[in-house]
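One structure is given here, and the rest of the page talks about it.
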Amino acid sequence: MKKQLLRIIFFIGIITLFLILNILLQTDNGTFLHESEFTTFENKLLKPEDIENEIGLTETVTGVTHSYWDESDYSRVRTSYYDIELEDGKVYGIYGENLTYAFDLYINGELIASKGKVGDSEKTSFPQTGSFTAYFTAKAVNRIVVRRCNFVHSKWNNFGIYLGPMNVISRYADIRKIESIILVVIILTMSLVNLGIFVGLNGQKRFLFFSFVCLSFMINLLFADPKPIMILIPELNWFVGHKIESCSLITAAFFFILFLEECLEKFGKIIRIITFAILGLAFAYYMVLPSMIYSRYSVPVMDTILGYAFILYLIIFVRAMKHFANLKIEQKYYLVSVVLLLISAVLGVLKAGPATDIMKAALVFSDIILLLGLASEYKRTSESLEQAVRNEDLLRKMNEDKERTLNLQKNFLTIMNHEMRTPLTVIAGYADKLKIKTSSENCTDEDAIKSLSFIKEEALRLGRIVEQSEGGILGENERVEKTVISVKALYEDVARFCTPICEKRHSTIEMNCTENTNIYGNRDEMLQLFYNLVINASRHTEKGFILLKAEESSDSERKHIILTVSDNGEGMDDEDIKHAFEKGFTKDGGKGLGLALCKDIVARHNGSIRIEKNAGKGISVYILLPDICLK
């Protein structure tokens, strides 16, 4: 309900704006004299003084509209006149924008305005259009005479003039000129600003498309009535100007489609192809064909092109309104712009008020709103860039902190290496000395001699680990020394080390391995791997057993070695198995590092490790060592 209310308010606001605009534009601009109010002589170029002699002798027509002149056979020259009563002695003005393709305007027999050259053939005439203002001192009854010729278009244009007191016409003429110049400057500025934004943002196409929209509209305004381009180029070639005027409007419509598509809704490939095909055909139609040919179907062609653009605008609008509440603020600006143009087009078709002024006002409002939307998007983009810069600075500081931490860690490991290696060497030395002394005294306790040998070996192994840790965090060295390792001998050392620990929980260690089973790896890391696995198993096994097993696998073309640590303890549930190898994960109060370290060791040996539940009690840890097994 809230979304529907927002949409209703949205529409009411825009329609109200246009109604107010329509009222404001309906000001006093004098008396408008339409072509249908004039009496016309066809195929006649008459001087004002000759008109009285022709009245009654030559057929005349009155009340004609544009549709009358749409017939295929019509005159190329005409003379029209209109008699009007005015205040005698008062100065009046006449303002017009496009009487015809060449004309002479007389008041009471005096030539007061002309455009182009009026002749009775293509060779003796010269086309030119544009606005004009002329003043005259009125009589009680005044005759306005317009001589016209058309050798450039297949049809005539309707003409109309504003007639009123000098101050009214002068004001209106100045307003039209200032309005046109301001529009051109505003839209050119918008084009340059958006082009600059496009260059600055390096690839935001919507800004480029909108820049082209503004540029095309600006060109169209320069060449459309009242033709401000003629201030710069008074002798503008009519044929060139007319082609540019038509093509610029088409270009603006299609660049606006591309802009809205980029901002609001993407069309499919087929619609894009059709759109560009129509654009290309329209350009060819106006630029290649002579004006006498293309003007014959100019109205339906232009209506078709703009109708196609109107349909695409409508599709974009309907799609956007479905997700109105989710649109970004700049997208709502774009949508308002679309609605303004759609409403102005409808008002223009319905002839509601001064349609031309409505369209131009809608254009300016639309461009300003679009610029606000682009500015909003630019602001959001700038804020994102600033946030990215802040994040980059934060990341840089974090990296610096990390580097300092690593340096502290390295210093700590260096000190630890120095401080621990010496006592470990001493322990190994004393163990070796006791072993020699025990052997020299003919001691028969072989277990004591083996224990002393084991103490020595473990002290030396710990010394190597400490030394290796100086190059990085323990267990994360990338390069380790690898040799051929007897799995049985490895298991025996693991059992010797872990048996005292397992006996505390009344558990035993069993082995199932042949004499000739070998692997290729780092012996210290392999001992560390199985120490962790067996000790971890012993924590969860009471009065049970832990089995160390090795077997070959023939599941693939190459044989692999599967090393297994099984127990019949309390086991693990599925959720614990899922997270078992994650650092910090623990259920027995430990640090959660043992199994994570095991996974790292196996990974450095190009292997894999997994945990599975046993059919009865306990779990089994399977270590698959591919490509490193030796027979």
Can you go through Ser80, Ser114 and tell me which one is in contact with a helix residue (DSSP H, G or I) (Cβ under 8 Å, 6 or more places away or on another chain), modelled with pLDDT of 90 or more and not in a loop (DSSP other than H, G, I, E, B)? Ser80
State which residue pairs qualify: first residue open to solvent by 80 Å² or more (accessible area, probe 1.4 Å) and inside region 375-403, second residue not in a helix (DSSP H, G or I) in any location, beta carbons under 8 Å apart, and separation of 6 or more residues or different chains. Arg380/Lys328
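Has region 123-131 got any residue that is part of a helix (DSSP H, G or I), surrounded by fewer than 17 Cβ atoms within 10 Å (Cβ to Cβ) and either of a type outside the set (A, V, I, L, M) or without any contact (Cβ under 8 Å) to a residue 40 or more places away in the chain (or both)?
No; the residues of region 123-131 include none that is part of a helix (DSSP H, G or I), surrounded by fewer than 17 Cβ atoms within 10 Å (Cβ to Cβ) and either of a type outside the set (A, V, I, L, M) or without any contact (Cβ under 8 Å) to a residue 40 or more places away in the chain (or both).
Listed here are the residues, each with its yes/no results for (1) surrounded by 12 or more Cβ atoms within 10 Å (Cβ to Cβ); (2) under 27 Å from the mean Cα position of the chain (by Cα); (3) among the aromatic types (Phe, Trp, Tyr).
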site	(1), (2), (3)
Lys269	no, yes, no
Arg272	yes, yes, no
Phe276	yes, yes, yes
Ser291	yes, no, no
Ile305	yes, no, no
Ile311	no, yes, no
Just checking, how many residues over region 83-106 are in a loop (DSSP other than H, G, I, E, B), crowded, with 21+ Cβ neighbours inside 10 Å and more than 52 Å from the chain's Cα centre (by Cα)? 0
Exactly one of (1) among the aliphatic types (A, V, I, L, M); (2) modelled with pLDDT of 90 or more; (3) in contact with a Phe, Trp or Tyr (Cβ under 9 Å, 6 or more places away or on another chain); (4) surrounded by 18 or more Cβ atoms within 10 Å (Cβ to Cβ) is unmet by Met511. Its number? (4)
Please find, within region 25-35, the residue that is modelled with the lowest pLDDT out of those that are outside any loop (DSSP other than H, G, I, E, B) and open to solvent by 40 Å² or more (accessible area, probe 1.4 Å). Leu25
If you check Arg505 against the conditions, is it in contact (Cβ under 8 Å) with a residue 40 or more places away in the chain and either open to solvent by 10 Å² or more (accessible area, probe 1.4 Å) or of a type in the set (A, V, I, L, M, F, W, C) (or both)? no
Inspect all residues belonging to region 126-144 and state whether any of them is of a type outside the set (Ser, Thr, Tyr), in contact with a helix residue (DSSP H, G or I) (Cβ under 6 Å, 6 or more places away or on another chain) and either at pLDDT 90 or above or farther than 19 Å from Met218 by Cβ (or both). yes
Condition check: more than 30 Å from Tyr333 (Cα to Cα) and part of a loop (DSSP other than H, G, I, E, B). Does Leu236 satisfy that? yes
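The values are calculated or read from the model by the stated rules, or taken from the named source; none is laboratory data. All figures in this text were calculated on a predicted structure; none of them were measured in a lab. All Cβ positions, glycine included, derive from the backbone under ideal geometry; neighbour counts span all protein chains shown. To get the accessible areas, we keep the full protein, side chains included, count just its heavy atoms, and leave off ligands, DNA and RNA. Shrake-Rupley method; radii C 1.70, N 1.55, O 1.52, S 1.80 Å.
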